[in-house]
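Q: First the structure, which I've put down as structure tokens, then a few questions once you've had a look.
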Amino acid sequence: PEILVKVSSVKKPHYRRILLKLSGEALENRAKGLHIDPEIVGKIARRVQVVVNQGIQVAMVVGGGNIFRGVSGEARGIDRNTGDYMGMLATIMNGLALQNMLEKTGIATRVQTAIEMRQVAEPFILRRAVRHLEKGRVVIFAGGTGNPYFSTDTAAALRASEIKADVLLKATKVDGIYTADPFKDPEAKRY
Ligand code: UDP
């Protein structure tokens, strides 16, 4: 596997516990027509592995935009509530893909969902999540906040606060927070 950071070259880590937010699009490969590209997910998993091996506790929140977004569904006639639940379920599929690839690197991982799905993942239980983190397991929070009309960014902020993460890191296509989507609006200004 590729090694991005030589562990010996890393000084004492700045953070003890991080929450990494990945947008669903980070997992997709449009060129190959794949909503979830196992190769890309594998690469992400190996990067996370490097971080975990430094003793940093890693929690993750994953989006679902590569599969379904409530707002886009609404534009095609699916009620927003229903579409948002479909979007939340999409994040769980992404979470399972990430878990699978992380486990292939040897990192113990738990998925916790905001919408109960006991056969495939644990329900979100804060104290349990913290316990997993303390044991060095990666915890993937899937299902967003469990509520329609929110986004997985909100879920990331919420879970980061709940687990008392030192930092919330967002891996996304834009380099900051804008007044509008900079890909769609040329007038968008970066805060
Ligand atoms: N979603 C929701 N409530 C949440 C989180 C997500 O209703 O707390 C739905 C919403 O429809 C959203 C979709 O799930 O569009 C996928 O999440 P998001 O758009 O945040 O994914 P990302 O853009 O990060 O891939």
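What follows draws every value from the coordinates through simple rules; no lab data is involved. Treat the numbers as computed from the prediction; the structure is a model and nothing was measured. Note that each Cβ is placed from the backbone with ideal geometry, even for glycine, and that neighbours are counted across all protein chains shown.
Q: Just the Kirkwood number for the stretch 120-191, please: inverse of mean 1/r across all distinct Cα pairs, in Å, one decimal.
A: Its Kirkwood hydrodynamic radius stands at 14.4 Å.
Q: With a cut-off of 8 Å between alpha carbons and a minimum separation of six or more residues, what is the relative contact order of the stretch 112-191 in percent?
A: 19
Q: Under a point-charge model restricted to the Cβ atoms of Lys and Arg (+1) and Asp and Glu (-1), what is the dipole moment magnitude of the stretch 14-101 relative to its Cα centre, in debye to the nearest 20?
A: With Lys and Arg at +1 and Asp and Glu at -1, about 360 debye.
Q: Under a point-charge model restricted to the Cβ atoms of Lys and Arg (+1) and Asp and Glu (-1), what is the dipole moment magnitude of the chain relative to its Cα centre, in debye to the nearest 20?
A: 840
Q: Separate question: Determine ³J(HN,Hα), in whole Hz, for all residues of the stretch 186-191 in sequence, where each value follows from phi through the Karplus function 6.51 cos²θ - 1.76 cosθ + 1.60 and θ = phi - 60°; x replaces Gly and Pro.
A: x, 7, 4, 10, 7, 5
Q: Pick from D37, D79, D181: which residue has the top mean-square fluctuation in a GNM of the chain where Cα pairs under 10 Å get a spring?
A: D181
Q: Tell me the Kirkwood hydrodynamic radius of the stretch 5-77 in angstroms, computed as one over the mean inverse distance between distinct C-alpha pairs.
A: 14.3
Q: Just the C-alpha atoms of the chain: what Rg/Rh do they give, with Rh taken as the Kirkwood radius?
A: For the chain, the value is 0.97.
Q: Could you list F183, F150 so that the one with the fewest beta carbons within 10 Å of its beta carbon is first and the one with the most is last?
A: In order of increasing Cβ crowding within 10 Å: F183, F150.
Q: What percent do you get for the relative contact order of the stretch 64-146 when only Cα pairs under 8 Å and 6+ apart count?
A: Relative contact order for the stretch 64-146 comes out at 28 percent.
Q: Return the long-range amide H neighbours of I140 (sequence gap of 5 or more, or a different chain), with a cut-off of under 5 Å between placed amide H atoms.
A: Hits under the 5 Å cutoff: M60, R110, V111, Q112.
Q: So for the stretch 46-145, Kirkwood radius off the Cα pairs, Stokes-Einstein at 20 °C and 1.002 mPa s: how many µm² s⁻¹?
A: The estimated diffusion coefficient comes to 153 µm²/s.
Q: Please tell me the relative contact order of the chain in percent, rounded to the nearest whole number, where contacts are Cα pairs under 8 Å and at least six residues apart.
A: So the answer I get is 25 percent.
Q: Which of the lysines could a cross-linker bridge to K104, judged by Cα under 21 Å and excluding same-chain residues fewer than eight apart?
A: Cα-Cα hits under 21 Å: K6, K21, K43, K135.
Q: Something else now. Using Cβ counts within 10 Å as a stand-in for footprinting exposure, how do D166, D185 rank, fewest first?
A: By the 10 Å Cβ count, ascending, the order reads D185, D166.
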